[in-house]
Amino acid sequence: MKKQLSLKKTVLYILFVAALCALFSVFTLAAKPSVPEVTGIKIMGKTSTAVSLEWTVKGKASGYRIYRYYPETKKYKQLKNQKSRKYTVKSLTPGEYYVFAVRPYVERGKNTLNGSYKKKTAYTPLDPVTKITQKTTEPTSHRLSWTKVRGADYYEIWYYKKEKGGFVRLSGGSLKNSCNMTRLNPASVYKYKVRAVSVASNGKFIYSKLSGAFTAVTSVPKVEFFKASAVTTEGYKLTWKAIPNVQAYYLYRFDNTTGEYDLITACNKPEYTVNGKESAERDSYCVKAYAVVNGKKMYGDMSDILDASTKPESVSLYKGEGDLIGNKKVILEWDECEKADGYFIYMSKDPDSGFTLKKEITSPQTLSAVIERLENRTPYYFRIKSYVTVNNEYVLSESLNTVRTFA
């Protein structure tokens, strides 16, 4: 009986101890702190030199350690230890990628339990290009310039293309904050946008926003290839190279009385016919182009001066007095052309095969000439033209008649 009682006490004691151990375990587990966990990091804002982070956490943390990864050392460096779940990383380089990490921790007395790292990749944007200006204006080119963007490796230039109905990127780019635009049409309007580009250390491209549209123009060029053609004794035709996009050409003629060039007409085409002149009448002309470009009047430079003249009067040629047959010579005489600078005498053995220049008479008052070194008793044919000199070129009269004679 006593043995049974002793066994019963022993069992009850064991059960009591077990109950106490279980109760102690419950309190111990309840007192042990849980490790918090960062569940997500968001980019709440960023500038070219700063990134704002905010994160969510599971559990209650005593604080957070914020880290930044440095590729050159391949290590994380602590930036801040704080209780807030927001942090702005400053003093960053524009146009670069960064990796940040947040690690929560909980403190119990002298003990600190750390949670796991939560990483987040972010980049700093480039500031947009501003203050685009046109530095030069030429007929087929202009140079653009803009403020330099910190962190940019190069710049893209976009231009408006009517066929596409929008802006398209120009192939290539500019390493500098300026660009020469070439092979453009004269007297034209062009629209551009520019954006900065950075090549980050991880090889990825970072682009700024496109700038606002900028309008640039090309100027009106100088008129070229100004000349006179279709010359007669009463007039001639003035022509020059056409210039795209111009509205008119202003033609000027030199006035000997005032000593100035006076506007005589505005031409819609690159040509003008001068009539009602006298023979060998000389005038000086110049012309410039005009256009309205982007709502403003623009004028090209004045052309080079063109000296023009009508043809001089034709003169009659005669056999000269005196018998030189058998002396390998002939005598020729002609009428005077008062306004001529001189005369050209042409010769041929066969008029059907053409004439060649035989002699030049540089004095307009000289009205006869002896043609030598001919073949004896051979028929020759002669013609004469009067001329005036303009722009170092000859303006010739027509040949009035042909003279046949023997040497």
Open item on the list: Regarding segment 90-97, can at least one residue be identified that is in contact with a strand residue (DSSP E or B) (Cβ under 6 Å, 6 or more places away or on another chain), exposed (fewer than 13 other Cβ atoms within 10 Å of the Cβ), under 25 Å from Asn177 (Cβ atoms) and not aliphatic (A, V, I, L, M)?
Closed with: no
Task: Residues within segment 47-82 that are aliphatic (A, V, I, L, M) and at positive phi, tallied - done: 0
- [ ] Among the candidates Gly165, Gly173, single out the residue that is under 23 Å from Val199 (Cα atoms) and free of Cβ contacts under 8 Å to residues at least 60 places away in the same chain.
- [x] Gly173
TODO: Find the strands (runs of 3 or more DSSP E) located wholly in segment 293-407 whose residues include 1 or more that are within 30 Å of Ala248 (Cα to Cα) and among the β-branched types (Val, Ile, Thr), and list them.
DONE: 379-390, 393-396
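If we scan segment 322-342, do we find a residue that is polar (S, T, N, Q) and modelled with pLDDT of 95 or more? Lay out the reasoning, then the answer.
Taking segment 322-342 and keeping what is polar (S, T, N, Q), we get 327.
Applying the additional criterion that residues be modelled with pLDDT of 95 or more yields none.
For segment 322-342, residues polar (S, T, N, Q) and modelled with pLDDT of 95 or more: absent.
Across segment 181-217, which residue is nearest to Ala289 (Cα to Cα) among those that are of a type in the set (Lys, Arg) and surrounded by 15 or more Cβ atoms within 10 Å (Cβ to Cβ)?
Quick first cut of segment 181-217, residues of a type in the set (Lys, Arg) only: 183, 191, 193, 195, 204, 209.
Narrowing further to those that are surrounded by 15 or more Cβ atoms within 10 Å (Cβ to Cβ): 193, 195.
On the way: Lys193: 30, Arg195: 36 Å.
Here the answer is Lys193.
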Task: Looking only at segment 261-283, and only at residues there that are part of a strand (DSSP E or B) and open to solvent by less than 30 Å² (accessible area, probe 1.4 Å), the one that is farthest from Val246 (Cα to Cα) - done: Asp283
TODO: Among what's in segment 241-260 and is under 17 Å from Ser309 (Cα atoms) and at pLDDT 95 or above, pick the residue that is surrounded by the fewest Cβ atoms within 10 Å (Cβ to Cβ).
DONE: Asp255
TODO: Tell me which of these Ser84 doesn't satisfy, since it passes every other one: (1) over 42 Å from the mean Cα position of the chain (by Cα); (2) small (Gly, Ala, Ser); (3) open to solvent by less than 20 Å² (accessible area, probe 1.4 Å).
DONE: (3)
Open item on the list: If Glu224 satisfies all but one of (1) out of contact with any Ser or Thr (no Cβ under 6 Å at 6 or more places or on another chain); (2) surrounded by 16 or more Cβ atoms within 10 Å (Cβ to Cβ), what's the number of the condition it fails?
Closed with: (2)
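Would you mind stating whether Ala200 is more than 22 Å from the chain's Cα centre (by Cα) and hydrophobic (A, V, I, L, M, F, W, C)? Break it down stepwise before answering.
Details: more than 22 Å from the chain's Cα centre (by Cα): yes; hydrophobic (A, V, I, L, M, F, W, C): yes.
Yes: the conditions hold for Ala200.
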TODO: Scan segment 58-81 residue by residue and report those that are open to solvent by less than 40 Å² (accessible area, probe 1.4 Å) and not small (Gly, Ala, Ser).
DONE: Tyr64, Ile66, Tyr67
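The values are calculated or read from the model by the stated rules, or taken from the named source; none is laboratory data. Note that the structure is predicted; figures quoted are calculated from it, not measured. Backbone-built Cβ (ideal geometry, glycine too); neighbour counts: all protein chains shown. Only protein heavy atoms, including side chains, enter the accessible area calculation; ligands, DNA and RNA are left aside. Shrake-Rupley method; radii C 1.70, N 1.55, O 1.52, S 1.80 Å.
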